[in-house]
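The next block holds one structure in the form of structure tokens; read it before the comments.
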Amino acid sequence: MNQNPAPSNSKSRRKMLAAAVAAPAAAMAQGPAKKKTVHYRRGKPASTPLYSEVITYGDFIFVSGHGTNKVGGIREQTKFVLDEIEKCLEVAGSSMKNALKCNVYLAKLEDYQAMNEVYRGRFGDEPPVRTTVSISGIPLDGAVVEIELIAHR
């Protein structure tokens with residue numbers, strides 16, 4: 001047997017109406033709606049690309065994995081990739097110091113120390129959290145490192 005009496009229908013309707021009116025106002029008070037925005041460093045492509053290089057959502061910035069085969073060696077590739085990521089962050093209105101999470105993928109685990117030598121200090125005194133793993137292959141012939149990250153504005 002229910003010990004609590006049910007509220008009258010008119011009281012329930014008033015509560016629901018008040019909540020329905022208050023919800024949009026509360027959402028607007030929290031700031032503008034978040035929106036996905038794609039940023040282009042080299043202009044918007046003529047056709048639909050395979051992936052986006054940089055996307056912002058509110059104050060979050062997502063930078064796709066970057067690798068290269070334009071230069072050789074782990075040190076040179078790491079520097080090139082970090083320079084490219086820095087340009088992506090600038091296009092999105094941020095900087096390396098605002099990086100929050102970084103994933104580093106190495107073709108060979110023995111490149112870990114050399115990659116760290118170039119990586120250290122690129123994000124300022126408070127680097128992002130990071131995961132580094134060795135993988136069976138990077139889908140760009142000749143690339144030995146790929147790096148992706150999440151940052152904020």
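At a glance:
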quantity: Estimated distance in nm for a label pair at Lys34 and Lys87, the labels positioned 7 Å out from Cα along Cα-to-Cβ; calculated: 2.9 nm
quantity: Reachable aspartates and glutamates, given that their alpha-carbon falls under 16 Å from the alpha-carbon of Lys35 and they are not under 8 places away in the same chain; calculated: Asp59
quantity: Pairwise label distance in nanometres, Leu50 with Ser95, each label 7 Å out on the Cα-Cβ vector; calculated: 3.4 nm
quantity: Antiparallel DSSP beta bridges within segment 36-152, as percent of all bridges there, nearest 5; calculated: 75 percent
quantity: Kirkwood-based Rg to Rh ratio, segment 36-152, C-alpha trace; calculated: 0.96
quantity: Per-residue Cβ neighbour rank within 10 angstrom, fewest leading, Thr48, Thr131, Thr78; calculated: Thr48, Thr131, Thr78
quantity: Residues with amide H under 5 Å from that of Phe123, placed H, sequence gap 5 or more; calculated: none
quantity: Environment charge of Lys70, counting only residues whose C-beta is closer than 13 Å and scoring Lys/Arg +1, Asp/Glu -1; calculated: -3
quantity: Efficiency of FRET between Arg41 and Val129 - r from beta-carbon atoms, R0 30 angstrom, step 0.05; calculated: 0.75
quantity: Residue order, fewest to most beta carbons within 10 Å, for Tyr119, Tyr51, Tyr40; calculated: Tyr51, Tyr40, Tyr119
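Any read-out appearing in this document is the output of simple, stated calculations on the displayed coordinates, not a laboratory observation. As the structure is a computational prediction, the values presented were derived from the model and not from experiment. Glycine gets a Cβ as well: all are built from the backbone with ideal geometry, and neighbour counts include every protein chain shown.
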